[in-house]
Amino acid sequence: GLISNCTLFDNLMLPLAYHHFMPPEEARSWVQQLAEEFEISPVLHLRPSRVSGSNKKATIVARSLVMKPRVLLLDDPTNGISGSRVSKLAEIIHEGR
């Protein structure tokens, strides 16, 4: 899940801000890049209740990548997201970023 009283942007920023993983400006840029890659930029500043299920799922998948993990365990991450988003996820995993 996503935190319902936060925007999608805030949901993506939360782990970065909490763990001080990178400077704030770099974090915002990284979140924006992930949002563009997962096609959620147009709804990034809306709350989860205002976006489609597909956009929520794409945000959850993007959030799993926001901390640039070395190991990634995903349980059916492609269920409910579009083919282009599935391709982007496969590309990111394949490139190891």
Q) Convex hull over the alpha-carbon atoms of the chain: what's its volume per residue in Å³? A) 95
Q. Along the principal axes of its C-alpha atoms, what lengths does region 45-97 span, in descending order and rounded to whole Å?
A. 32, 22, 19
**Q.** Solvent-accessible area per residue for the chain (1.4 angstrom probe, square angstrom)
**A.** 59
Q. How big is the charge dipole of the chain about its Cα centre, in debye rounded to the nearest 20, if each Lys and Arg gets +1 on its Cβ and each Asp and Glu gets -1 on its Cβ?
A. 200
Q: For region 1-42, build the convex hull from the C-alpha positions and give me its volume per residue in Å³.
A: 75
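The values are calculated or read from the model by the stated rules, or taken from the named source; none is laboratory data. The shown structure was predicted, so the numbers you read here are calculated from the model rather than taken from an experiment. Note that we place each Cβ from the backbone using ideal geometry, even for glycine, and neighbour counts take in every protein chain shown. In case anyone asks, the SASA skips ligands and DNA or RNA and just uses the protein heavy atoms, side chains included. Shrake-Rupley method; radii C 1.70, N 1.55, O 1.52, S 1.80 Å.
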